[in-house]
Amino acid sequence: MTKTIAVLPGDGIGPEIIAEAVKVLETLQNDFGLAVQLEPGLVGGAAIDATGYPLPADTLELVKKADAVLLGAVGGAKWERLPIARRPEKGLLGLRSELELFANLRPALLFSELANASTLKPEIVAGLDILIVRELTGGIYFGQPRGIRTLDNGERQGFNTLVYSESEIERIARVAFESAEKRQKRLCSVDKANVLEATEFWREIVTRVSQDYPNVQLTHMYVDNAAMQLVRAPKQFDVIVTTNMFGDILSDLASQLTGSIGMLPSASLDANNKGMYEPIHGSAPDIAGQNIANPLATILSLAMMLRYSLNQPELATTVENAVSQVLRDGLRTKDIQEPGQNTVSTREMGEAVVAALRAK
Ligand code: NAD
């Protein structure tokens, strides 16, 4: 059955990198028999310019009926003076909450060809392959009450609430255990159970859920230690599951182990594996319109879509292998360039991936 993919380029380098991912999708349609229909939509600053809203009703309708969403990036200086509720980033948060995308999967995978691009020593990161599963719609970023208030003594106070219900922990734990089952079967749950009751509860529920996954080895680690271990010996991890805020911080840290932000994809999934797929980077206004952005994070996000939402694991591997191939062939955009290497443009990189696919 033909699946519908909503394609939302967004702002800055978004349209440039999405154009290359669309070329890859079209190759999969024409040469590999992938039955998909692409439906374009507006989000972020582009949507504000056209309609006044960062997430217009048309786009919301489109993403709700689509089987998966491919997103570029949103944001830029042009819209920074707007009130927070009308800014491009609100479009992104709206997509996550409207689609109930509670599970954010961020692989930190180092292609062996890029071992020298990391700030860590090659022997520490060579072969790195971690999956961080971050809870995305709960925890302290959403807990009530929150705000800034004035106390009786006249002093002002800022406050937020860290709250997790049993069902929220259980559903993200299941995504993490199921991901670990498909990998090296090791799951590390990261919390601060020694200080925060909400994460003591997190640990209790993750431990209970582990009884349903006897093949997966579960360990627990405090978040401060996890941050240190990710830099000291990152290859000890297979899958990490953690709360919204800890995941936000640790996944950015992990992304840097692999060298360039232009290489890292992400998936945000709902309870039925419907997902939104996007590179982890932003709209990079500093290089927008120059045809120099790295499109590989977006193309690898498309591979995640094939695996998680379109049930095409073999095609996902085919796309990942094509990316490896172009790196082996020495193609480098500016962000992953090493001394003495020539650089290719955004379009040349996308076309090289298409050529590598066609050569299969
Ligand atoms: P950024 O990720 O856009 O850029 C950070 C640095 O990385 C820049 O130097 C940029 O040139 C470089 N970079 C990013 N992607 C690259 C790529 N594919 N190839 C080569 N280099 C790349 O972060 P920022 O500069 O802090 O934010 C810029 C805008 O993006 C802001 O408006 C911000 O709100 C928005 N943003 C959006 C998202 C999203 O849409 N998911 C995420 C983060 C930031």
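The values are calculated or read from the model by the stated rules, or taken from the named source; none is laboratory data. Keep in mind the model is a prediction, meaning the values are calculated, not measured. Cβ atoms come from the backbone with ideal geometry, glycine included; neighbour counts cover every protein chain shown.
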Per the filter on the stretch 228-249, residues within 19 Å of the chain's Cα centre (by Cα), hydrophobic (A, V, I, L, M, F, W, C) and either more than 24 Å from Leu101 (Cβ to Cβ) or at pLDDT 95 or above (or both) are Leu230, Phe237, Val239, Ile240, Val241, Met245, Phe246
Going through (1) under 30 Å from Asn294 (Cα atoms); (2) in a strand (DSSP E or B) one by one, Leu253 fails only at (2)
Within the stretch 184-208, residues among the hydrophobic types (A, V, I, L, M, F, W, C) and part of a strand (DSSP E or B) come out as Leu187, Cys188, Val190
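Could you check the stretch 1-117 for helices (runs of 4 or more DSSP H) lying wholly inside it with 1 or more residues that are crowded, with 23+ Cβ neighbours inside 10 Å and away from the ligand (no atom under 11 Å from the Cβ)? If you could, list the steps in order and put the result at the bottom.
Values: elements: 14-32, 45-51, 57-65, 88-98.
In the stretch 1-117, 14-32, 45-51, 57-65 are the helices (runs of 4 or more DSSP H) which contain 1 or more residues that are crowded, with 23+ Cβ neighbours inside 10 Å and away from the ligand (no atom under 11 Å from the Cβ).
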Of (1) crowded, with 19+ Cβ neighbours inside 10 Å; (2) in contact with a strand residue (DSSP E or B) (Cβ under 6 Å, 6 or more places away or on another chain); (3) of a type outside the set (Phe, Trp, Tyr), His281 satisfies every one except (2)
